[in-house]
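Undergrad: Mind having a look at this structure? Questions to follow.
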Amino acid sequence: MGWSPASSVGFSRKENLWDVHLSRSLLFFSFQTFEKLLIANRGEIACRVIKTCKKMGIKTVAIHSDVDANAVHVKMADEAVCVGPAPTSKSYLNMDAIMEVIKETRAQAVHPGYGFLSENKEFARRLAAEGVTFIGPDTHAIQAMGDKIESKLLAKNAKVNTIPGFDGVVKDADEAVRIAREIGYPVMIKASAGGGGKGMRIAWDDEETREGFRFSSQEAASSFGDDRLLIEKFIDNPRHIEIQVLADKHGNALWLNERECSIQRRNQKVVEEAPSTFLDPETRRAMGEQAVALAKAVKYSSAGTVEFLVDSSKNFYFLEMNTRLQVEHPVTECITGLDLVQEMIRVAKGYPLRHKQADIPINGWAVECRVYAEDPYKSFGLPSIGKLSQYQEPLHVPSVRVDSGIQQGSDISIYYDPMISKLITYGSNRAEALKRMEEALDNYVIRGVTHNISLLREVIIHPRFVRGDISTKFLPEVYPDGFKGHKLTDLERRELLATAASLYVAEQLRSQRFLGTPRIPIAKSKRSSWELSVHLGDGIYPVAVSKDGSSFSPCLVSQQVEVDGMKLNVTSEWNLASPLLSVTIDGTQRTIQPAIILLAHPDSELAVWYLSKRM
């Protein structure tokens, strides 16, 4: 058996990053695992697990709620069974129904994905009692790492750096104030059983501590059924960097490098990358070794993630350990060449790890953007619901991977997380990965729901992000008044106006023809110039369009456009039925997504969604 790192594989425009990566990972697949596996999840992570199972020759069982009956993961699986109505408590969290499906289908193992029951020790215990393998750690590790108080004590005993704070349960608001004063403000008040940013408050004085205690305990009780709180020193302006670990049942454990996860809104990650621009080899090794020490301290077996806060001096502090597959795991797969789902399945079957720490590379750079159906102009993203009337993933862009669980016609409902997909790009270096991400976002077609691509694109091209000057406060610092969208430069404004006017002219010329024959053959149009008005934002701008050359085809259009007294040459092969159009403006290629054409007269308007320069 051999293993070849990511750098040994080349990518072409026609190769899908996922297919290339997974094929490489399975080159030496020659072991037996399970005949049938149930995925106790939905959406993109269920599809992700099914893909690896298919490559490994494992039959899959999907579960679904009644509203997910036509979901992509249901169609991908070999079998699918409904476990209840839409509310998660009656379907994807319904342990009794899921256990019944496991018995009916004779599934030998269960992969929980992330969220839902993935870190539920009772679910893992019930599976073990039935002789069904849980693709994840044992109940002891889930319990130990799921409780923030217990996990912090274990981390201290394993000599892992921890944030100064109170290690017990805070009884009431008065005790919270006393502890906060001892630690020193600012402090973080958070739920012991929390996660996903819920039950967390920052307090800068006594009054905020009392208020934070009250709100955090209420939110913790409603979200987790556990109102216990802890208090620790708040690390101001930190980075959120996590270490991926992989351990087996034979005492072996590896750290698979880091992921930079500092771009967040409401304590939830938005953009991730691997590796981090901030870590030097010594800090990376120290963080990795401490993460492995913690995994070994709880006899961890499976893939897991140890999260750290890192200050400006590269001091790092244990935050928590997630005993499951992380949403952002693809960036680790890209730079290491490992398929983490496959490794989880092997470990669960009892196989030892097949790699040594020295085998784990950092090859290239990977970036992941979480594409959500949400309005980025409202608190950096409030959920949007609706049907995807048009959907086209940018898989024609080189070295792109899209992990999704939806398709054109899918509904984004109120019942579940509004994630559309995880968009991942890979490059030999960070600049290349970011440039490909920019191109991929520009070529991603999503219509029918509001989405956050505009915010994602602004983040990855922002000068602070490009130079790696980031922290968990990036979004509120860069957009203190909220995200307002892209501010056009004068050049971009002129190019947008020129493109809009050119698109209108091309549409007018095409409307005069039908299958190459003039609709009114008795009169041929001699028109060679247009004086138009284009509405853009709150302004109305005069734009002049004229023929460029002696011929004017409705399919291959070269036009000279005058805006603000400046002339621009606009050329394109106009396919007005396509959601994406490539336009060349003064020799520079741009990608546009035409929106609604409203222009019928010179003083009307035309709306075009202008995107960006292409590579």
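The values are calculated or read from the model by the stated rules, or taken from the named source; none is laboratory data. Computed from a prediction, not measured in an experiment: that's the story for all the values here. Cβ atoms come from the backbone with ideal geometry, glycine included; neighbour counts cover every protein chain shown. Calculation scope for accessible area: heavy atoms of the full protein, side chains included, ligands and nucleic acids excluded. Shrake-Rupley method; radii C 1.70, N 1.55, O 1.52, S 1.80 Å.
Undergrad: Taking the condition of being open to solvent by 30 Å² or more (accessible area, probe 1.4 Å) and either of a type in the set (A, V, I, L, M) or in a helix (DSSP H, G or I) (or both), how many residues in the stretch 459-477 meet it?
TA: Looking only at the stretch 459-477, we keep the residues that are open to solvent by 30 Å² or more (accessible area, probe 1.4 Å), and these are 461-464, 466-467, 469, 472-473, 476-477.
Next cut, either of a type in the set (A, V, I, L, M) or in a helix (DSSP H, G or I) (or both) only: 461, 463-464, 466, 476-477.
Residues meeting the conditions: 6.
Undergrad: Please work out if LEU117 is within 25 Å of ASP403 (Cβ to Cβ), open to solvent by less than 20 Å² (accessible area, probe 1.4 Å) and in a loop (DSSP other than H, G, I, E, B). Before the answer, list the steps.
TA: Values: within 25 Å of ASP403 (Cβ to Cβ): yes; open to solvent by less than 20 Å² (accessible area, probe 1.4 Å): yes; in a loop (DSSP other than H, G, I, E, B): yes.
So LEU117 fits the description; yes.
Undergrad: Please verify whether GLU44 is acidic (Asp, Glu) and in contact (Cβ under 8 Å) with a residue 60 or more places away in the chain, treating the condition exactly as stated.
TA: yes
Undergrad: So ASP280 ticks every box in (1) crowded, with 21+ Cβ neighbours inside 10 Å; (2) over 21 Å from GLU150 (Cα atoms); (3) free of Cβ contacts under 8 Å to residues at least 40 places away in the same chain but one. Which box is left unticked?
TA: Failing condition for ASP280: (1).
Undergrad: Checking the conditions here, which among GLU104, GLU150, GLU130 is closer than 21 Å to ALA295 by Cα, without any contact (Cβ under 8 Å) to a residue 60 or more places away in the chain, open to solvent by 60 Å² or more (accessible area, probe 1.4 Å) and over 28 Å from the mean Cα position of the chain (by Cα)?
TA: Details: GLU104 fails: closer than 21 Å to ALA295 by Cα; GLU130 fails: closer than 21 Å to ALA295 by Cα.
Selected residue: GLU150, the only one of GLU104, GLU150, GLU130 that is closer than 21 Å to ALA295 by Cα, without any contact (Cβ under 8 Å) to a residue 60 or more places away in the chain, open to solvent by 60 Å² or more (accessible area, probe 1.4 Å) and over 28 Å from the mean Cα position of the chain (by Cα).
Undergrad: If you go through the stretch 33-42 one residue at a time, do you hit one that is within 24 Å of ARG324 (Cα to Cα), at pLDDT below 95 and surrounded by fewer than 17 Cβ atoms within 10 Å (Cβ to Cβ)?
TA: Among the residues of the stretch 33-42, not one is within 24 Å of ARG324 (Cα to Cα), at pLDDT below 95 and surrounded by fewer than 17 Cβ atoms within 10 Å (Cβ to Cβ), which makes the answer no.
Undergrad: Check SER12 against each of (1) touching a Cys at 6+ places or on another chain (Cβ under 8 Å); (2) open to solvent by 20 Å² or more (accessible area, probe 1.4 Å); (3) at pLDDT below 95 and name the one condition it does not meet.
TA: With respect to (1) touching a Cys at 6+ places or on another chain (Cβ under 8 Å); (2) open to solvent by 20 Å² or more (accessible area, probe 1.4 Å); (3) at pLDDT below 95, SER12 is out only on (1).
Undergrad: Pairs only if they're at least six apart or on different chains, beta carbon under 6 angstrom, first in the stretch 357-385 and in contact (Cβ under 8 Å) with a residue 24 or more places away in the chain, second of a type in the set (Lys, Arg) and outside any strand (DSSP E or B); list them, first residue then second.
TA: Close Cβ pairs satisfying both conditions: TRP365/ARG430.
Undergrad: I need the full set of residues from the stretch 176-212 which are open to solvent by 30 Å² or more (accessible area, probe 1.4 Å) and in a helix (DSSP H, G or I), in order please.
TA: Passing the criteria: ARG178, ARG181, GLU182, ILE183, ASP206, GLU207, GLU208, ARG210, GLU211.
Undergrad: Still on this structure, I have one more. Out of everything in the stretch 399-413 that is under 22 Å from GLU328 (Cα atoms) and open to solvent by 20 Å² or more (accessible area, probe 1.4 Å), what residue ends up being nearest to the chain's Cα centre (by Cα)? Full working, then the answer.
TA: The initial filter retains those residues of the stretch 399-413 that are under 22 Å from GLU328 (Cα atoms), namely 399-407, 412.
Filter again for open to solvent by 20 Å² or more (accessible area, probe 1.4 Å), leaving 404, 406-407.
Numbers: SER404: 10, ILE406: 14, GLN407: 17 Å.
Taking the candidates together, the pick is SER404.
Undergrad: Another question about this same structure. For the stretch 397-404, does any single residue satisfy the condition of being out of contact with any Leu (no Cβ under 8 Å at 6 or more places or on another chain), among the hydrophobic types (A, V, I, L, M, F, W, C), assigned to a loop (DSSP other than H, G, I, E, B) and modelled with pLDDT of 95 or more?
TA: Yes - at least one qualifying residue is present in the stretch 397-404.
Undergrad: Continuing with the same structure: Just a yes or no: is a residue in the stretch 485-493 modelled with pLDDT of 85 or more and farther than 29 Å from LYS567 by Cα? Walk me through it before giving the result.
TA: Initially, the stretch 485-493 is screened for residues modelled with pLDDT of 85 or more, giving 485-493.
Now restrict to residues that are farther than 29 Å from LYS567 by Cα: none.
The answer is no, given that none of the residues of the stretch 485-493 is modelled with pLDDT of 85 or more and farther than 29 Å from LYS567 by Cα.
Undergrad: On to the next question. Could you tell me which numbered condition LEU93 fails, if it satisfies all but one of (1) aliphatic (A, V, I, L, M); (2) under 16 Å from ASP339 (Cβ atoms); (3) part of a loop (DSSP other than H, G, I, E, B)?
TA: Here LEU93 meets the rest and fails (2).
Undergrad: Now a separate question. So which residues in the stretch 414-449 are over 16 Å from the mean Cα position of the chain (by Cα), surrounded by 18 or more Cβ atoms within 10 Å (Cβ to Cβ) and among the β-branched types (Val, Ile, Thr), if there are any at all?
TA: Passing the criteria: only VAL449.
Undergrad: What about VAL534, is it in a strand (DSSP E or B), surrounded by 12 or more Cβ atoms within 10 Å (Cβ to Cβ) and at pLDDT 80 or above?
TA: Details: in a strand (DSSP E or B): yes; surrounded by 12 or more Cβ atoms within 10 Å (Cβ to Cβ): yes; at pLDDT 80 or above: yes.
For VAL534, the condition - in a strand (DSSP E or B), surrounded by 12 or more Cβ atoms within 10 Å (Cβ to Cβ) and at pLDDT 80 or above - is met.
Undergrad: Can you go through ILE50, ILE63 and tell me which one is open to solvent by less than 10 Å² (accessible area, probe 1.4 Å) and closer than 18 Å to SER421 by Cβ? So that I can check it myself, show each step before the final result.
TA: Details: ILE63 fails: closer than 18 Å to SER421 by Cβ.
Exactly one of ILE50, ILE63 is open to solvent by less than 10 Å² (accessible area, probe 1.4 Å) and closer than 18 Å to SER421 by Cβ, namely ILE50.
Undergrad: Considering each of VAL81, VAL74 in turn, give the residue that is in contact with an Asp or Glu (Cβ under 8 Å, 6 or more places away or on another chain), part of a strand (DSSP E or B) and either surrounded by fewer than 22 Cβ atoms within 10 Å (Cβ to Cβ) or β-branched (Val, Ile, Thr) (or both).
TA: Numbers: VAL74 fails: part of a strand (DSSP E or B).
Just a single option satisfies the conditions, and that option is VAL81.
Undergrad: Residue check, GLY136 against (1) small (Gly, Ala, Ser); (2) in a loop (DSSP other than H, G, I, E, B); (3) loosely packed, with under 14 Cβ neighbours inside 10 Å, all met but one. Which one?
TA: (3)
Undergrad: Can ILE345 be described as open to solvent by 20 Å² or more (accessible area, probe 1.4 Å), touching a strand residue (DSSP E or B) at 6+ places or on another chain (Cβ under 8 Å), touching a residue at least 40 places away in the same chain (Cβ under 8 Å) and among the aliphatic types (A, V, I, L, M)?
TA: Values: open to solvent by 20 Å² or more (accessible area, probe 1.4 Å): no; touching a strand residue (DSSP E or B) at 6+ places or on another chain (Cβ under 8 Å): yes; touching a residue at least 40 places away in the same chain (Cβ under 8 Å): yes; among the aliphatic types (A, V, I, L, M): yes.
Criteria not met by ILE345.
Undergrad: Moving on. Can you tell me which residue in the stretch 216-236 is nearest to ILE163 (Cα to Cα), limited to those that are modelled with pLDDT of 85 or more and among the polar types (S, T, N, Q)?
TA: Across the stretch 216-236, the extreme among qualifying residues is SER216.
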